[in-house]
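Here's the structure, in structure tokens; my notes come after.
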Amino acid sequence: MSLDNLSESDQSLLAAMAEFQKWETGYSTQQSTRPQTLGYGLADSPAGQCAWIVEKFKAWTDCGGHPENILTRDEILDNVTVYWFGNTAASSARLYWMSYGNIDLGAVEVPTGCSIFAKEVIKLPRRWVESRFTDLRYWNELDIGGHFAALEQPELFVNELRTFFRLVR
């Protein structure tokens, strides 16, 4: 992936990615190196589990700084409850530990669609995506939505899926 001839938009995407890397990746470092420690802590404290999840909703949703601007309190608590009663903090963190050392960056040849929601945490230049996903059939940049787009904007998310899958029927 070349850094040559980057457009202003591409430069902006990379600057945002660097900012995310600097301030928002502590969670992934913790989960990819010591998932059990974090898991035990979250499994022992419903307040800790809630704080962990709500902090991600605050930072990664298109909420203007407050998760309840986009999600209801019940939706937030439902999400926390699934982790709490399922006791899945450790297993969800372990996914990072299991996958971080084995990332395959080879070409992906299956039909691919990308819906780029406005507040997604990492957005790549389209030409970089096209260099890896060699059968990119759908690309759409949306004005709203964040990392949890299916929860934040369910109708829009479903519409994006339908639009892509109509292309590959």
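Candidates 134, 151, 161 compared by Cα position along the dipole of the range 104-167: farthest toward the positive end lies 134, with charges placed on Cβ. Each of 99, 32 was scored by other Cβ atoms within 10 Å of its Cβ. Listed from fewest to most, they are 99, 32. Between residue 92 and residue 66, the modelled label-to-label distance comes to 2.4 nm, taking each label 7 Å out from Cα in the direction of the beta carbon. Counting pairs of Cα atoms in the range 104-167, how many percent are more than 13 Å apart? Summing the P(r) tail past 13 Å for the range 104-167 gives 63 percent. In sequence order, the range 22-33 has phi-based couplings of 6, 10, 10, 10, x, 4, 6, 5, 4, 5, 7, 10 Hz under the Karplus curve 6.51 cos²θ - 1.76 cosθ + 1.60, θ = phi - 60°, and Gly or Pro positions carry x.
What is the magnitude of the charge dipole of the chain about its Cα centre, with +1 placed on the Cβ of each Lys and Arg, -1 on the Cβ of each Asp and Glu, and no other charges, expressed in debye to the nearest 20? Approximately 380 debye in magnitude.
Each Cα pair under 8 Å and six or more residues apart adds its sequence gap; the mean of these over the residue count of the chain is a relative contact order of 27 percent. Counting neighbouring beta carbons within 10 Å and listing from fewest to most, the residues 143, 78 come out as 143, 78.
Here's the picture: charge each Lys and Arg Cβ at +1 and each Asp and Glu Cβ at -1 in the range 44-138, and of 45, 59, 106 the one pushed furthest to the positive end of that dipole is 106. In the chain, helical runs assigned H by DSSP with n ≥ 4 each contribute -39500 (n - 2.57); averaged across all residues and rounded to the nearest 500, the mean residue ellipticity at 222 nm is -17500 deg cm²/dmol. In the range 23-169, Rg over Rh equals 1.00, where Rg is the alpha-carbon radius of gyration and Rh the Kirkwood radius from pairwise Cα distances. Going by neighbour counts of Cβ atoms within 10 Å, the residues 169, 127, 162 line up, fewest first, as 169, 162, 127.
Every number here is computed from the coordinates shown, using simple stated rules; none is lab data. Please read all numbers here as calculations on a predicted model, not as lab measurements. Reconstructed Cβ throughout: ideal geometry from the backbone, glycine too, with neighbour counts over all protein chains shown.
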